[in-house]
Amino acid sequence: MRALIQRVTHAEVRVAEETVGAIDHGLLALIGVEPDDTAERSDRLLHKLLNYRIFGDDDGRMNRSVCDVEGGLLLVSQFTLVADTSRGMRPGFSRAAPPEVGEHWFNHLVEQARARWAHVATGRFGAEMQISLTNDGPVTFLLET
């Protein structure tokens, strides 16, 4: 399971002209699910998402987590995140979980996140989504489990 995380001052997901998820200060996490992902990997990723220290402390050092700053967490499924781009000029998607597996583990991650943190929003699995964001920093990291 992979997450491309971005520290944001605002992020919003729209589907068919409707906002389905939005946060202000916090993390936008694009989530890629692989065929061999498990509950353990999902839970490890969630632990990283909630505790990864990429927000500034009083000295401006990255020492605070999204929980420390009481930020939002916007989770968006993105199968292209696990694409094979090592050859040719077209991505391959054999590394991505089939849709039913991806949806299962994405939903597991969302349920666990909502059980642990009050400020969770999501996109819509499998939908054509438009995401707008203001990256703060810019700060972007790729997390893997």
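Using the Karplus relation 6.51 cos²θ - 1.76 cosθ + 1.60 with θ = phi - 60°, the per-residue 3J(HN,Hα) values for the stretch 98-105 come to x, x, 5, 6, x, 5, 4, 6 Hz, with x marking Gly and Pro.
Of the listed peptides 107-116, 75-84, what is their order by residue-averaged count of other C-beta atoms within 10 Å, with the highest listed first?
Going by the mean number of other Cβ atoms within 10 Å, highest first, we get 75-84, 107-116.
Counted over the chain, the DSSP beta bridges are approximately 75% antiparallel. Note that the stretch 129-140 has calculated 3J(HN,Hα) couplings of 10, 10, 10, 10, 7, 10, 6, 9, x, x, 10, 9 Hz, one per residue in order, obtained from phi through the Karplus relation 6.51 cos²θ - 1.76 cosθ + 1.60 (θ = phi - 60°); glycine and proline are x. Between 0 and 90 degrees, the angle of helix 39-51 with respect to the longest Cα principal axis of the chain falls at about 30 degrees. Neighbour counting of Cβ atoms within 10 Å sorts the residues R7, R95, R90, fewest neighbours leading, into R90, R95, R7.
For R90 and L4, a Förster radius of 22 Å and the Cβ-Cβ distance give a FRET efficiency of 0.60, rounded to the nearest 0.05. Result for the chain in a Gaussian network model with C-alpha springs under 10 Å: among M89, M129, M62, the largest mean-square fluctuation is at M89. With springs only between Cα atoms under 10 Å apart, run a GNM on the chain and tell me which of E103, E128, E70 wobbles the most. Sorting by GNM fluctuation, first place goes to E128. Modelled label positions at R114 and E100, each set 7 Å beyond Cα in the direction of Cβ, lie 2.3 nm from each other. For the chain, set up a GNM with springs between Cα atoms under 10 Å and report which of H104, H119, H25 has the largest fluctuation. So, out of H104, H119, H25, the one fluctuating most is H104. When both the stretch 2-26 and the stretch 80-113 are represented by their alpha-carbon centers, they are found 19 Å apart.
All of the numbers you see were taken from the coordinates with simple rules; none came from a lab. Since this is a predicted model, take the numbers as computed values, not measurements. Backbone-built Cβ (ideal geometry, glycine too); neighbour counts: all protein chains shown.
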